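The values are calculated or read from the model by the stated rules, or taken from the named source; none is laboratory data. Computed from a predicted structure; not experimentally measured. Note that we place each Cβ from the backbone using ideal geometry, even for glycine, and neighbour counts take in every protein chain shown. Just the protein is used for accessible areas: all its heavy atoms, side chains included, with ligands, DNA and RNA removed. Shrake-Rupley method; radii C 1.70, N 1.55, O 1.52, S 1.80 Å.
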Amino acid sequence: MLKQPMIEVRNLYKSFGKLEVLRGVSLTVSRGEVVVIIGPSGSGKSTFLRCLNYLETPTSGQILLDGVEVDPKKNLRQVRQEMGMVFQNFNLFPHMKVLENVTLAPRKVLGIEPQEAERKARALLGKVGLADKADSFPDELSGGQRQRVAIARALAMEPQVMLFDEPTSALDPEMIGEVLDVMKQLAQEGRTMLVVTHEMGFAREVGDRVIFMDEGLIVEEGPPQEVFSHPKQARTQEFLSKIL
Amino acid sequence: MDFRWDLVWSSMPLLLEGTRLTVQLTAIAVFFGIIIGTVAGMTRLSRGPQRIVAAVYIDFIRGTPLLVQTFIVFYGIPGIIGRPIPAYWAAVLALSINSGAYVAEIVRAGIQSIDKGQTEAALSLGMTGSQIMRHIILPQAFLRIIPPLGNEFIALLKDSSLVSVIALEELVRKGQIIIGRTFRPFEVWLAVALIYLAMTFAVSRLVNFTEKRMKIHA
Ligand SMILES: Nc1ncnc2c1ncn2[C@@H]1O[C@H](COP(=O)(O)OP(=O)(O)OP(=O)(O)O)[C@@H](O)[C@H]1O
Ligand SMILES: [Mg+2]
């Protein structure tokens with residue numbers, strides 16, 4: 001039996017007014033695969049991730065999640081539950097304690113009993129190393145801690161896919177490691193992940209595949225070693241020479 | 001100079017009676033103003049034709065004097081419904097409708113001030129629009145709304161003096177009555193002013209206090 005891809009994107013286009021940001025992106029992601037997306041600023045990496053869970057509505061193209069086409073009229077919220085998202089700026093809910101941040105969606109969206117939601121949330125907070133911060137407010141945490149809470153919050157919905165949009169870009173250098181470690185652990189557990197990042201070390205070590213985007217297109221893709229060591233496209237070479 | 005402090009004091013009992021009505025009218029108008037304003041402010045931000053109704057209401061009220069609005073309610077509406085409206089209820093109605101429009105703008109600004117990332121995070125978790133409004137946006141907007149809301153209530157407290165024109169014996173009207181008997185406008189108006197000042201000062205302190213208590217995690 002052929003294994004069904006977790007995500008299949010066919011010919012995705014997205015324009016903001018006259019500005020064409022995605023110009024026909026196609027991508028297949030297998031179950032358990034970790035795909036790292038790199039590319040210069042403005043190349044459409046964030047827009048691509050945000051189209052996957054319809055935070056932006058694609059202009060045209062198809063997205064299939066586990067073989068089912070994403071249709072905002074039919075299964076939008078279902079699809080969003082299946083795709084956890086972690087943002088550059090954390091976007092924690094500042095008026096709620098850490099524990100409530102993690103339990104809110106499971107309770108309200110999945111209808112899980114409060115005690116059960118809390119038990120699961122505490123387990124997840126333990127997993128990201130923040131068991132003792134359950135009763136803190138987000139503004140009492142460091143950036144790295146906030147991002148780990150955000151990861152726990154997304155995981156609480158038990159999504160099939162995790163989307164990360166530059167999860168360490170807003171962090172002080174000494175906090176980047178603790179967030180990447182959590183992501184590494186998720187990858188080892190076999191989670192399907194799409195990660196936009198500038199952390200090339202992470203891409204090399206954890207990524208199954210690296211995708212280089214430029215001007216709204218996938219310019220090059222392949223295993224990290226290959227893309228980093230022997231980039232085929234001139235634009236990839238140029239980009240890598242600037243950041244490595 | 002012949003300034004009669006004794007008149008300031010002896011006016012107090014009657015003025016405080018009027019003060020009670022002023023406070024009562026303001027409190028009721030504040031209560032309904034918050035309800036009307038929250039609904040109108042949220043409607044103003046919604047999609048669909050009801051948005052226009054909210055916009056017309058808000059613009060009409062903010063673009064016309066409260067005095068005229070009070071006349072419309074007290075003298076105008078009875079002509080349409082065919083029976084008089086008691087001055088008290090006319091005042092409550094006019095003040096509530098008036099305050100609702102200002103509160104609506106405060107609510108709208110408060111909601112719009114919440115970072116878009118909050119909504120996006122909640123959407124990405126699969127929450128619905130109304131869940132996001134209830135659990136994420138409104139609780140945060142509420143904190144930012146408190147200071148301007150406090151200012152609005154101070155304004156309403158002062159503006160409630162306008163309903164003296166429909167013979168409601170609130171603070172200003174009581175002052176006029178006392179002057180009619182004593183012919184000492186300076187002392188009496190000064191006493192009236194001091195009472196307003198005490199009230200607005202108290203409200204603004206209360207708002208500051210609440211703001212400080214709640215600001216911790218915003
Ligand atoms: N909501 C929007 N309205 C208009 N233009 C937008 C919007 N969102 C993104 N863009 C534009 O689309 C282009 C791609 O943006 P995007 O954020 O996807 O790039 P990116 O690859 O994530 O860049 P970065 O590395 O800086 O995050 C940019 O030119 C950006 O200005
Ligand atoms: Mg981006």
Quiz item: Going by the structure shown, is A:LYS127 closer than 22 Å to A:LYS184 by Cα and over 17 Å from the mean Cα position of the chain (by Cα)?
Solution: yes
Exercise. Among the residues of the stretch B:144-156, write down those that are within 14 Å of chain A (Cβ to nearest Cβ) and open to solvent by less than 40 Å² (accessible area, probe 1.4 Å).
Key: B:ILE145, B:ILE146
Quiz item: In the stretch A:26-46, how many residues are touching a residue at least 40 places away in the same chain (Cβ under 8 Å) and either within 11 Å of ligand 1 (Cβ to nearest atom) or of a type outside the set (A, V, I, L, M, F, W, C) (or both)?
Solution: 13
Quiz item: Out of A:ARG107, A:ARG146, A:ARG191, which single residue is under 25 Å from A:LEU55 (Cα atoms), within 14 Å of the chain's Cα centre (by Cα) and away from ligand 2 (no atom under 16 Å from the Cβ)?
Solution: A:ARG191
Quiz item: So which strands (runs of 3 or more DSSP E) stay within the stretch A:5-121 end to end and still have 3 or more residues that are over 29 Å from A:ASP139 (Cα atoms) and more than 10 Å from chain B (Cβ to nearest Cβ)?
Solution: A:7-16, A:19-29, A:34-38, A:60-65
Self-check item: Tabulated pairs, the stretch B:76-88, first without any contact (Cβ under 8 Å) to a residue 60 or more places away in the chain, second open to solvent by 90 Å² or more (accessible area, probe 1.4 Å) and in a loop (DSSP other than H, G, I, E, B), C-beta under 8 angstrom, 6+ apart or interchain
Solution: B:PRO78/B:PRO84
Quiz item: Any residue in the stretch B:161-173 that is in a helix (DSSP H, G or I), more than 25 Å from the chain's Cα centre (by Cα), away from every other protein chain (no Cβ under 14 Å) and of a type outside the set (A, V, I, L, M, F, W, C)?
Solution: no
Self-check item: Residue match in the stretch B:43-65 (condition: more than 30 Å from B:ARG184 (Cβ to Cβ), small (Gly, Ala, Ser) and at pLDDT below 95)
Solution: yes
Quiz item: Within the stretch B:113-128, is even one residue surrounded by 15 or more Cβ atoms within 10 Å (Cβ to Cβ) and more than 14 Å from chain A (Cβ to nearest Cβ)?
Solution: no
Quiz item: Taking the stated definitions as given, is B:ALA141 surrounded by fewer than 16 Cβ atoms within 10 Å (Cβ to Cβ) and within 27 Å of the chain's Cα centre (by Cα)?
Solution: no
Quiz item: Taking the stretch A:17-34, which residues are surrounded by 22 or more Cβ atoms within 10 Å (Cβ to Cβ) and within 16 Å of ligand 2 (Cβ to nearest atom)?
Solution: A:LEU22, A:VAL25
Quiz item: Is it the case that the stretch A:92-113 has a residue that's more than 26 Å from B:PHE142 (Cβ to Cβ), open to solvent by less than 30 Å² (accessible area, probe 1.4 Å) and modelled with pLDDT of 95 or more?
Solution: no
Practice problem: Identify, by number, the condition in (1) open to solvent by 20 Å² or more (accessible area, probe 1.4 Å); (2) within 16 Å of ligand 2 (Cβ to nearest atom) that A:LEU49 doesn't meet. | Solution: (1)
